[in-house]
Structure formats: structure tokens, C-alpha cells
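K.L.:
Attaching a single structure in C-alpha cells format; questions to follow.
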Amino acid sequence: MKTFRVEDKIIKVQFWDTAGQEKYFAITRQYYRGAHGVVLVYDITKRESFENITRWINEVKVANNDTLFLLIGNKCDLIKKRDVSIEEGIRFSKENGMSFLETSAATGDNCMKAMQLILQDIHQKQTKMSMKKLDPGQRVLPQSTVRIGDESEDHFEEFASKKKECVC
């Protein structure tokens, strides 16, 4: 259990890591049932891990069709070994309605940003759901904190065209 601050709220988060291993595939659905968000991580140096992302999305949706996703390309420190381009990650995330980020677990680049991003996405979704319960005259969405790596086309495409390293 880890504690994060998102806007003005303290949120306790529980992480489950199956590492994409086949031996955990049968039991993962029970973890997805109550999940507000799922972080899908692929290895940018192994195309097969990227190609398996669709399978994991489908598996999560069977258990919980209302889950938010964050797509992460890991090992962005291994640029010379890259097998999946930043543009492919961006395109996939846009097509599937999720945020995207590249990280390096080895160097720590963007790891905390990834957690902040998925938590901000979840917080915004829950805030919007709460607002729907109010009378129309009471609906005023609060300003969000600065987004870290949102999925706006300008942000990703501008960054990807300038720099072939970690996306944030």
C-alpha cells in the first residue's frame, strides 16, 4: 500500500504486479474486478511484449469494462535496442483511449510521473462521475493540477518529432 497526493486528496493505492507472466494469467481477473486503473507495461526492446498489450486489455475488460488504462513503454534508456517506436506507442494509446508514457525502471525516469498520471486520470474520472449526481446548477468541475503527459495530440507529436527518447 502506498499513499499519494492527488490535487487536494490523499489516496491510498494498492499495486499488483503480474509481470505479464503466463503462470499468473488465470488468476489476474480477480484483481481487475475492483480496479479503478491498470498500468500496462511493455518492453520497448521486445516487440512481442508490445503485441501482447491488446490481449491484456481484453482480459481486463472481461473482468471490469470501466477500468482506466495507462500504457507504458519501459526501458527508454536502451534507445539503441529499441524495437517499438514512440510513435507506435502513441498511436496505440490514442486508438485505445488511454494515456501513454515511456519510462526507465533502471534509471527511474518518469516512474513517479506514471503513477501520478494514472492517479490523476482516475481522480478526474471519479470527480466527473460525482458531478453527474449533482443538480445541473451545482456542476462546476474543479481545475485539475498540471497534467503530466496527457494524450493531447500536440503534446505527443511535438515531443516525438523533436526527441527520440523518453516521452513524458
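K.L.:
Mind listing whichever residues of region 54-91 are hydrophobic (A, V, I, L, M, F, W, C), without any contact (Cβ under 8 Å) to a residue 40 or more places away in the chain and either in contact with a His (Cβ under 9 Å, 6 or more places away or on another chain) or under 20 Å from Ile122 (Cα atoms) (or both)? Let's see the steps before the verdict.
P.N.:
Here is the first cut: in region 54-91, the residues hydrophobic (A, V, I, L, M, F, W, C) are 56-57, 60, 62-63, 68-72, 76, 78-79, 84, 86, 90.
If we keep only those that are without any contact (Cβ under 8 Å) to a residue 40 or more places away in the chain as well, we get 56-57, 60, 62-63, 69, 71, 78.
Of everything in region 54-91, those that are hydrophobic (A, V, I, L, M, F, W, C), without any contact (Cβ under 8 Å) to a residue 40 or more places away in the chain and either in contact with a His (Cβ under 9 Å, 6 or more places away or on another chain) or under 20 Å from Ile122 (Cα atoms) (or both) turn out to be Trp56, Ile57, Val60, Val62, Ala63, Phe69, Leu71.
K.L.:
Then there's this: Which residues, counting only those in region 94-119, are at pLDDT 95 or above, crowded, with 18+ Cβ neighbours inside 10 Å and in a helix (DSSP H, G or I)?
P.N.:
Across region 94-119, there are no qualifying residues.
K.L.:
So which helices (runs of 4 or more DSSP H) are wholly in region 25-77 and hold at least 2 residues that are among the basic types (Lys, Arg)?
P.N.:
The helices (runs of 4 or more DSSP H) meeting that bar are 53-63.
K.L.:
Quick one: count up the residues across region 44-86 that are of a type in the set (Asp, Glu) and exposed (fewer than 14 other Cβ atoms within 10 Å of the Cβ).
P.N.:
Of the residues in region 44-86, 3 are of a type in the set (Asp, Glu) and exposed (fewer than 14 other Cβ atoms within 10 Å of the Cβ).
K.L.:
Does any residue of region 63-84 turn out to be more than 19 Å from Met115 (Cα to Cα), at pLDDT below 90 and among the hydroxyl-bearing types (Ser, Thr, Tyr)?
P.N.:
Among the residues of region 63-84, not one is more than 19 Å from Met115 (Cα to Cα), at pLDDT below 90 and among the hydroxyl-bearing types (Ser, Thr, Tyr), which makes the answer no.
The values are calculated or read from the model by the stated rules, or taken from the named source; none is laboratory data. Remember, it's a predicted structure, so these values are computed and weren't measured experimentally. Positions of Cβ are generated from backbone atoms using ideal geometry, with glycine treated the same way; all protein chains shown enter the neighbour counts.
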